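The values are calculated or read from the model by the stated rules, or taken from the named source; none is laboratory data. Computed from a prediction, not measured in an experiment: that's the story for all the values here. Reconstructed Cβ throughout: ideal geometry from the backbone, glycine too, with neighbour counts over all protein chains shown. These area figures cover heavy atoms from the full protein model, side chains too; ligands, DNA and RNA do not enter into them. Shrake-Rupley method; radii C 1.70, N 1.55, O 1.52, S 1.80 Å.
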Amino acid sequence: MRAIREARKVSLRELAALTGLDRGYLSRIERGQVREPAVDRVLSIATALGVSPAAITHEETP
C-alpha cells in the first residue's frame, strides 16, 4: 500500500482525510501490523488511491 500511496504522491494525512480512517491505523496496515483489515476499509483505501482492493491486500501486483 505504501508504494501505491507514494507513487500517487498522497501522504498518510491526506489518505486519512480521504478515507476517514485514522492515520495510525493506515500506518499499521502499511507496516504489516494489521493482517486482515476489514473489507469496507480496504474498499475505502482502494477507492481513494484509485486501485483495486486486491492491490491493497497484496493479492495482485499494483
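If you check A46 against the conditions, is it among the aliphatic types (A, V, I, L, M) and over 10 Å from the mean Cα position of the chain (by Cα)?
Values: among the aliphatic types (A, V, I, L, M): yes; over 10 Å from the mean Cα position of the chain (by Cα): no.
No: the conditions fail for A46.
State yes or no: is L21 assigned to a loop (DSSP other than H, G, I, E, B), at pLDDT 95 or above and touching a helix residue (DSSP H, G or I) at 6+ places or on another chain (Cβ under 7 Å)? Quick ask: steps written out before the conclusion?
Values: assigned to a loop (DSSP other than H, G, I, E, B): yes; at pLDDT 95 or above: yes; touching a helix residue (DSSP H, G or I) at 6+ places or on another chain (Cβ under 7 Å): yes.
Against the criterion (assigned to a loop (DSSP other than H, G, I, E, B), at pLDDT 95 or above and touching a helix residue (DSSP H, G or I) at 6+ places or on another chain (Cβ under 7 Å)), L21 qualifies.
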Index of the failed condition, G20 passing every other in (1) touching a Phe, Trp or Tyr at 6+ places or on another chain (Cβ under 9 Å); (2) on the phi > 0 side of the Ramachandran plot: (1)
Please state which of the following conditions P53 fails to meet, knowing it meets all the rest: (1) modelled with pLDDT under 95; (2) touching a Phe, Trp or Tyr at 6+ places or on another chain (Cβ under 9 Å); (3) not polar (S, T, N, Q). (2)
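When the residues of the range 26-47 are filtered to those that are touching a helix residue (DSSP H, G or I) at 6+ places or on another chain (Cβ under 7 Å) and part of a helix (DSSP H, G or I), which remaining residue is surrounded by the most Cβ atoms within 10 Å (Cβ to Cβ)? First the steps, then the outcome.
Taking the range 26-47 and keeping what is touching a helix residue (DSSP H, G or I) at 6+ places or on another chain (Cβ under 7 Å), we get 26-27, 30, 34, 37, 42-46.
With part of a helix (DSSP H, G or I) added as a condition, the list becomes 26-27, 30, 42-46.
Working: L26: 22, S27: 15, E30: 17, V42: 19, L43: 15, S44: 19, I45: 24, A46: 19.
The residue in question is I45.
Would you confirm, using the coordinates I've provided, whether S52 is open to solvent by less than 90 Å² (accessible area, probe 1.4 Å) and without any contact (Cβ under 8 Å) to a residue 12 or more places away in the chain? Full working, then the answer.
Working: open to solvent by less than 90 Å² (accessible area, probe 1.4 Å): yes; without any contact (Cβ under 8 Å) to a residue 12 or more places away in the chain: yes.
Yes.
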How many of the residues making up the range 1-17 are in contact with a helix residue (DSSP H, G or I) (Cβ under 8 Å, 6 or more places away or on another chain), surrounded by 14 or more Cβ atoms within 10 Å (Cβ to Cβ) and in a helix (DSSP H, G or I)? 5
